[in-house]
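Here's the structure, in structure tokens; my notes come after.
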Amino acid sequence: MPSPHARTAAPALPGHGRLRPLTLDEVHLTDGLWHHLQQVNGEATLDHLRSWTERLGWVQAFTDASAAGTPADRRGREFTDSEIYKYAEAVAWEAARTGSPALLEHLEKLAATVGSAQAEDGYLHTAFGRPGQPERWSDLAFGHELYCAGHLLQAAVAHARSGAGEAWLQIARRVADQVCDRFGPDGVQAVCGHPEIETALVELHRTTGEPRYLQQAALFVERRGRGTLPPHEFGAAYFLDDEPVREAEVLRGHAVRALYLAAGAVDVAVETEDTELLQSVLTQWQNTLARRTYVTGGMGSRHQDEAFSDDWVLPADRAYAETCAGVAGVMLAWRLLLATGDARHADVVERLLYNVVATSPGDDGRSFFYANTLHQRTPTELPDPEGESLAFGGGGRQPWFEVSCCLPNVARLLASLDGYLATADDDGVQLHQYASCDVATELPAGRVGLQVRTRYPDEGSVVVTVTEAPGWDWTLSLRVPSWSRGRARLTVDGVEQAVGHDTAVVHGSLPAGTTVVLELDTAPRWTFPDTRIDAVRGCVTAQRGPDVLCLDATTGTDLDLDRVAVDVAAGLAPADGGGAQVTVQVRPDAGPRDGDGLPYGEAPAHLVGSEQRTVDLVPYRRWGRTGSSTMRVWLPTA
Ligand SMILES: [Zn+2]
């Protein structure tokens, strides 16, 4: 019986870099928001994914393919295999986290089903290559063959790192070998329309030690941006094929594709010690954060092509901000944090976790936001538990989508979230995200154990108790989130200590029993947009701790969000549930009208007769949970 708690159970395991990630057997969430979301994920979402994919025939597709049965009956889009793989990855992390024998057994059976569809030469995809189906590799732009292969590799890596055996790894290696044979240095000079294989090949290299997989990932990264894909109605930028990766200045095109590619490029750069490539991605990321990112961390402001728009084009009501882009953003920022040690990347992880990832799943873990708007004008529809949404942008949380990429993506992140909280280096341990958890790891100096207890983000106090210490000097580092810089306090056994700019550092023998308390300022605060973001000029929003706040008007209340304005001078008071209380003016008259009845006039709208009301802003992640509602993050100022 393989150990369910192998030491390598981490979602990314770079061979080089400033920081070493702590694995799922070194960090355990014990309580609080993320522990709760992880429980719901394990108890409800995984079952939800299994039952929907079985009902839709996406698992049966593998069995049919193995029997060379009737491909014409295959149901779903050409990339449904990838949803099974992402689901398998989520189950593998959940098995690593909990040690559940039932989950491991389920994964073994699923591996047998998936493996039965694998061809003699290693090729594996249920939608291509059989009589009545398109030829293998005949549609690299849209066929998602390499994309699906990538997710299979990631599922196998998760399964192997969980110490659960080699059933998935054996399938994945044959797939990867076939990809390398076909697309290697002397093979077909092409890339996939949807990046994903790059990061997956590097992780498979990290798990197996096979250098060929890393070389192939590097080839795919270098080949991108050289026009090997056919013209696209949205332009070559849609698949990031407009410009070589190392020459680009900013992320563009389809947001999820761009972020997966960037994550893969970081992986390649780290393993090949290519500082130029790493610097290029860092520059693109900084420019993207500075000009193309919503206050929630959401990315992609165009529904049409699920894409980044030009700089400063960040309309609140047309925010696409796909949940998958949030997950991919976490993957990228985490890789950059490991590579550089720069705390700003952990700030980005936090923003994305609280405001995109935690926003998507409904309370029951069986409905999800696909797009994450910042302004819902029409009341959301309540989810029909049996319903499948054909649209994948806007509206309320839905149980399923024709394209259901976001659901297993959230599931695999939540199941492996313990692996994104803390890191170590030769000197000590770094805590990046705050949640009640137990940490235990081995440093060169010896073993360190920590007990972290906090009611974060409802309260800003983080109490860290050393439970095990090496007996030599070591260092404990705690990130000071960007929103609390200059206002954080640190005590060690009750004695106040200086706090650095973005990190609170404690160094010494720190024996067992040492108590370190970091106090962060979670008072609500106004947040103003860059004046170049035309869509929200003259508006303001509020944040509290890591949470972006919003005004959520459940249908049936008499608050018309189109008429609300806030007086910033009136201030913000903390409210229960992690929100803030604010005084708003409700305008009697939304605007002028000209003689033609158009919503324009020669005089500005006036505020005479405005009614003052006190309302609660709530964390954005909580919106739409009490029924059908309208919502806005950005509020016009009075
Ligand atoms: Zn998605």
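Label 7 Å along Cα→Cβ of D310; the range 532-549 residues with amide nitrogen under 14 Å? Zone members listed by number: 532-535. Working ranking of peptides 331-341, 424-434, 114-124 by packing, defined as the average number of other Cβ atoms within 10 Å per residue, highest first, is 331-341, 424-434, 114-124. Applying 0.36 nm per residue to the separation of E105 and T63 and subtracting their alpha-carbon distance, the gain on full extension is 13.3 nm. For the pair D317 and T283, a Förster radius of 41 Å applied to the C-beta separation gives a FRET efficiency near 0.85, rounded to the nearest 0.05. For H28 and T113, compute 0.36 nm times the residue count separating them, minus their Cα-Cα distance, and round to one decimal in nm. Additional length available on full extension: 27.4 nm. Between D562 and A512, the modelled label-to-label distance comes to 6.5 nm, taking each label 7 Å out from Cα in the direction of the beta carbon. Taking the Cα of R455, stepping 7 Å toward and past its beta carbon, and measuring to each backbone N in the range 561-582: which are under 15 Å? Backbone N within reach: 574-579. With each label modelled as a point 7 angstrom along the Cα→C-beta vector, the A290-Y600 pair spans 3.5 nm. Charged neighbours of E276, selected by a Cβ distance under 13 Å, balance to -3 (K, R count +1; D, E count -1).
Extending 7 Å from Cα along the Cβ direction at R487 and again at E442 yields two label points whose distance is 4.3 nm.
For F401, the amide hydrogen comes within under 5 Å of the amide hydrogens of S389, counting only partners 5 or more places away or on other chains and with H modelled in the peptide plane.
Taking 0.36 nm per intervening residue step and subtracting the Cα-Cα distance, what contour gain separates D363 from E611 on full extension?
Values: separation 248, 0.36 × 248 = 89.28 nm, distance 3.42 nm.
Once the chain is fully extended between D363 and E611, it gains 85.9 nm.
Each value in this text was obtained by applying a stated rule to the coordinates, not by laboratory testing. None of these values were measured; they are calculated from a predicted model. Positions of Cβ are backbone-derived with ideal geometry, glycine not excepted, and every protein chain shown enters the neighbour counts.
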